[in-house]
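Report on the structure given below.
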Amino acid sequence: MPVQKLRTRYIIAGMSGMVFLLISLLAVRNDLFLFWIIPVVLLLLMLAVIAIDRFFLVMVFFIPLSVQLRFIVPEPPADLFLPTELMTILLMLIVLYKIFAAKEYDLSLLKKPVGIVILLLIVWTVVTSLTSTMPLVSVKHLLVKLWFISAFYILALELFRKKGFLEKVLSVYIAGMVPVVIFNIRNLYASGLFNQLAAHSSVRPFFNDHTSFGAVLAFLIPVCIWFVNSSGSGWKRLLYILALLVFIAGIVFSYSRAAWISLITGLGFGLLMILRVPWKLSIPSFIAVIVLLVMIWPSVINRLNTINQTSSGNMAEHLQSVANISTDISNLERINRWKSAVRMTAEKPFFGWGPGTYQFQYAPYQFSYDKTPISTNFGTGGNAHSEYLGYLVETGLPGFVFYLMLIITVLITGLRAWDNIEDIRIRRLVIALLCGVITYVVHGALNNFLDTDKIASLFWMYTAAFITLEMSYGQKEHSSQTAVRHHTYSD
C-alpha cells in the first residue's frame, strides 16, 4: 500500500478516535452513560453483515438473558425484550434483503407444508389486524410475529444446513439459560427454597414469571438429555450433566405445574418413540381416551369440585392442586379467563377481536361470580392463558384452525424426519426436539408465550431443524444432496 494512502488512513483513524473520545467525555459529564452502548451496537451491526452465523449464535446466547424494557423503564412506549428483540429486528431486515434484493436464499424450503401453513397464518393475521378493535396493538403483534419467524425459521433454515450448526445453537441457548436458573434458585433460596409464592417473581427480570421460565426448561431438558447421551465421555459430557442437573432443579423449583405436566407428557411421548410403539396402536388408544374423557366429563367436574388442595410449597400437594377448580385461586382465575374468551368469541366468531387485543378487551366479559382476588379490569393481568383460546378469540375461527394446522404440520414434519433418518444419533436428536415441541403443545393449553422471544425462538428453530435434518440425513434426501445449492458461512 502506498505510504501516502497509509498515512491518510492513520490520520482518519486518529481523528475519529479523538472525536469519539471527546464525545464520550461530554456524555459522561452529562451522565449520558448509555452512549457507551453505541460502539457495541456498531460492532454487532458489522458482525451481522460480515458473519451472520456468528451474530445468530451471539443472539441465541442472550435470549434467556434478555430483559423486558418495562423492568428498566416504567411504562415504556414499546415493551421489547432487550437486547435480543432489536437483534431479531435487524435479522428480519437482512433476511428480507437477501430474499427480495440479493436473491440469495433457497425459497424452495419455504414451500414445504409447514411454510405454506405459516404463510396462511400470517395472511390471516394481516386480515384480522385490519379488522381489529385495536389496530395499533394488532399491527405491533403482527410485526413481532414476523421478525420471530424471519430470524428463527427462515434464517434458521439456511444456517442449519451447515453441518453441526444446529448443535452449536442448542448449546449456546443452554449455556445462556444456566446462569438464569442459578440466579432464580439463589433468589428463591433467600426467600425460602420452598416458598411457592416467591417463585412467581424470583426469576425477574429475565422472565416475567415462573410459568414461562418452566416452559423454556421443559423445552430444553429433552435436548439436554440428548447431549448427555451423545457427547461421549470427557469434559463436554460432564458439563451437559451439570447443566441437566441445574435444569431439573430449576423446573422443580419453578413451581410451574403446567411445566411439570408438559415435561412428563413430552418425555412419555419420547419413550413411546424409543420403544417404537406402533402408531396404529398408540393413536387409536389416544383417540379412545379423549372420547372416554368427553363422555365422563360431567362426573370429572363433580369430582374436581370436591378437591380443596391449594397451591403449596410442598411438591406433592402443589401437583395435586392442579385438579382443584373449587378453591385454588390460580386455577379459578385461569377458568375466568377461559370463560371470558368463550364469551368474546361468541360476539366476534369469524375475525375475532384482533391479534394481541385480548388482555385489553376481556374485562367486561368477566362475570362477578367468576372473578377471583387476582382478577383485574385494567389490561395488566396478562392474556387468555391458552395459546388455542388466544388464537380463537383474537383471530376468530379461521385463525384458530390455521394454528391447529401449524401444530399438526410441525409434528408430522418431525415424525417424518425421524422415520426418514438412518443415523441413530440424529434420530435421537429429532426425538428430543419432538419432545420439546410436545411440551409446548401441552403447555399451550394452559398458557400462551409464543409472542415472547424465549419461547418463540425455540419453537421456530425446532421446526426449522426438522426440515434441515431430514434434508441432510434423510434416506431419500441424502442421495440428492449434490444437486442442492451449496451454502458457505464463516466458521
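Note on Glu422/Leu107: beta-carbon distance plugged into 1/(1 + (r/R0)^6) with R0 of 25 Å gives a FRET efficiency of 0.35.
Computed over region 67-206, the range of Cα coordinates on each principal axis works out to 54, 46, 26 Å, biggest value leading. Summing Cβ point charges (Lys, Arg +1; Asp, Glu -1) relative to the Cα centre of region 108-163 gives a dipole of roughly 300 debye. I want the local charge near Ala199. Using Cβ-Cβ distances under 12 Å, sum +1 for each Lys or Arg and -1 for each Asp or Glu among the other residues. Residues close to Ala199 contribute a combined charge of +1.
For region 331-446, taking Cα atoms only, Rg and Dmax work out to 17.8, 58 Å respectively. Given R0 = 56 Å, the distance between the Cβ atoms of Leu404 and Ile50 translates into a calculated FRET efficiency of 0.85. Whole-percent P(r), region 123-281, all Cα pairs, 10 Å bins from 0: 9, 27, 30, 25, 8, 1. In terms of its Cα atoms, region 144-184 spans 33, 29, 6 Å along the principal axes, sorted from long to short. For region 349-406, chymotrypsin sites (Phe, Trp or Tyr not before Pro) are listed when DSSP marks them as loop and at most 13 other Cβ atoms sit within 10 Å of their Cβ; the list is Phe350, Phe367, Phe378. Annotation: Ser368 carries an accessible surface of approximately 100 Å², with a 1.4 Å probe and no ligand, DNA or RNA atoms counted.
The values are calculated or read from the model by the stated rules, or taken from the named source; none is laboratory data. Since this is a predicted model, take the numbers as computed values, not measurements. Note that we place each Cβ from the backbone using ideal geometry, even for glycine, and neighbour counts take in every protein chain shown. Just so you know, the surface numbers come from the protein's heavy atoms only, side chains and all, with ligands and any DNA or RNA stripped out. Shrake-Rupley method; radii C 1.70, N 1.55, O 1.52, S 1.80 Å.
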